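For reference, the structure is listed below as structure tokens.
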Amino acid sequence: MRYYIIAGEASGDLYGANLIKVLREQDSQAEFRFWGGDAMRREAGEPMRHIHDLAIMGFVEVVMNLRTVLGNISFCKKDILSWHPDAIIGIDYPGFNLKIEKWAHEHGIKAIHYISPQLWAWKKGRLKGMRRYLDRLCYILPFEQEFYDKNNMPQASYVGHPLLEIIQGRPKDDDFAFDHRPVIALLPGSRKQELKNSLPGMVRLARRHPEYHFVVGGMSLLGKAMYDRFIPADAGITVVFDETYRLLSQAYAAVVCSGTATLETGLFHVPQVVCYRGNPISIAIAKALVGRRINHIALVDLIDNSNVVTELLQGDFNDRRLEEEFLLITTDMATRERMLEGYQRVEKKLGNAGASHRTAEVIIETIK
């Protein structure tokens with residue numbers, strides 16, 4: 001069968017690579033065409049569009065890049081029609097993928113969405129349309145089951161979180177040859193605007209604590225120059241590219257820009273402070289849409305529905321608050337132990353590994 005897979009962000013690229021691998025195992029005639037990054041490239045050749053050109057986040061940012069977004073949508077539709085896939089599989093990236101999936105359904109192509117939009121937080125109005133045009137929705141967070149049961153979405157299937165299999169199944173790497181100081185991982189995000197908003201504060205923190213070796217988990221798709229722009233040569237900070245898991249495996253603590261990395265850090269059992277600063281207008285719109293429906297943004301907090309980690313958002317992400325929370329996760333043993341206990345609860349709630357296998361089975365069953 002022919003699978004057209006669209007991933008628009010780094011996490012989706014990782015999940016997509018595993019999904020391609022498993023689909024090939026379960027379907028010996030599988031053919032792939034995809035939008036994604038280097039992980040998917042290693043499994044299925046060159047992407048039609050690379051995630052480097054796709055990662056746009058926030059209401060204002062989307063409007064500013066509207067011509068590019070509309071151009072990508074137009075190109076994607078033409079490419080799908082020319083290739084005649086059996087199914088469109090959108091991985092996360094809902095603003096783009098849901099539009100393509102609706103269009104695919106209208107053209108008689110199976111539409112499958114992997115990793116649910118956060119409808120339980122906002123844009124619940126999307127549900128009505130998704131019931132009509134999605135042949136299958138595969139969601140990965142355990143608390144989403146109650147939401148879809150209550151809202152009559154029979155084509156929604158819980159498959160588990162793909163990070164479990166990715167992290168548990170990775171080979172053991174050798175430690176980086178750093179100096180004797182404890183390692184602090186800095187994970188500033190996967191988008192240019194996230195680096196711009198988070199790295200300066202992380203650099204200032206590193207300057208205040210020469211007793212630690214601060215290491216940035218960089219992404220080569222953003223380019224070395226992007227990191228050099230925010231990290232002065234005399235800051236004493238090391239940048240390693242595309243080695244986040246190897247870095248987390250030897251980190252004593254971490255400062256993490258909100259996103260998938262918060263769960264990755266938790267699954268590596270590394271105490272963390274979560275921080276995020278976005279465009280004020282985008283954040284104001286998001287708050288208005290969300291209202292009081294959710295109290296957290298970090299995945300570990302959302303899954304456990306508690307304050308497993310501290311979230312420093314917008315104005316709270318400042319030098320004083322970051323310093324306070326950093327000292328707690330590095331020097332207060334009670335705080336570290338409480339956080340590690342929270343991570344264990346999160347891992348238990350996520351259940352067993354094998355999300356990619358379950359998702360592949362659902363996809364093949366849906367097409368047939």
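Readers should treat all values here as calculations from the given coordinates under stated rules, not as data from a laboratory. Computed from a prediction, not measured in an experiment: that's the story for all the values here. Ideal geometry is used to build each Cβ from the backbone, glycine not excepted, and the neighbour counts take in all protein chains shown.
Tabulated values for the structure
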item: Sum of side-chain charges, Ile51 neighbourhood, beta-carbon under 15 Å (Lys, Arg +1; Asp, Glu -1); result: -4
item: Using alpha carbons only: equivalent-ellipsoid semi-axes of the range 112-266, gyration tensor based, whole Å; result: 37, 18, 13
item: In sequence order, calculated HN-Hα J values of the range 349-365 (Karplus, 6.51, -1.76, 1.60; Hz; x Gly/Pro); result: 5, 6, x, 8, 6, x, 4, 5, 5, 5, 5, 4, 4, 5, 4, 5, 4
item: Sorted peptide list for 256-269, 78-91, criterion being average Cβ within 10 angstrom, highest first; result: 256-269, 78-91
item: The range 296-348 - convex hull of alpha carbons, volume per residue in Å³; result: 64
item: Cα long-axis angle, helix 192-208 against the chain (0 to 90 degrees, to the nearest 10); result: 20
item: Where labels lie 7 Å past Cα in the beta-carbon direction, separation of Lys172 and Glu146 in nm; result: 3.9
item: Two-site FRET efficiency, Gln26 against Ser306, from Cβ-Cβ distance with R₀ of 25 Å, rounded to 0.05; result: 0.10
item: Globularity index of the range 125-216, i.e. its alpha-carbon radius of gyration over 2.2 N^0.38 Å; result: 1.71
item: Inter-label distance, nm, simple model (7 Å from Cα along the C-beta direction), Leu340/Lys192; result: 4.1
item: Estimated FRET transfer efficiency when R0 is 35 angstrom, pair His107-Asp319 (beta carbons, to 0.05); result: 0.10
item: Residues whose placed amide H lies under 5 Å from that of Gly259, excluding near-sequence neighbours; result: Leu299
item: Matching label, log10 I(q)/I(0) by the Debye sum over Cα atoms at q = 0.07, 0.13 Å⁻¹ computed from the structure shown, candidates (1) -0.30, -1.09; (2) -0.27, -0.96; (3) -0.37, -0.99; result: (1)
item: Gain on full stretching of the segment that runs from Asp53 to Lys99 - 0.36 nm per residue minus C-alpha separation; result: 14.7 nm
item: Förster-model FRET efficiency, 51 Å R0, His180 and Lys128, C-beta, rounded to 0.05; result: 0.30
item: Relative contact order for the chain, counting Cα pairs under 8 Å that sit 6 or more residues apart, in percent; result: 16
item: Inter-label distance for Trp83 and Ser220, nm, one decimal - labels placed 7 Å from Cα along Cα-to-Cβ; result: 2.3
item: Theoretical gain in end-to-end length, Lys348 to His209 [0.36 nm per residue, Cα-Cα removed]; result: 46.6 nm
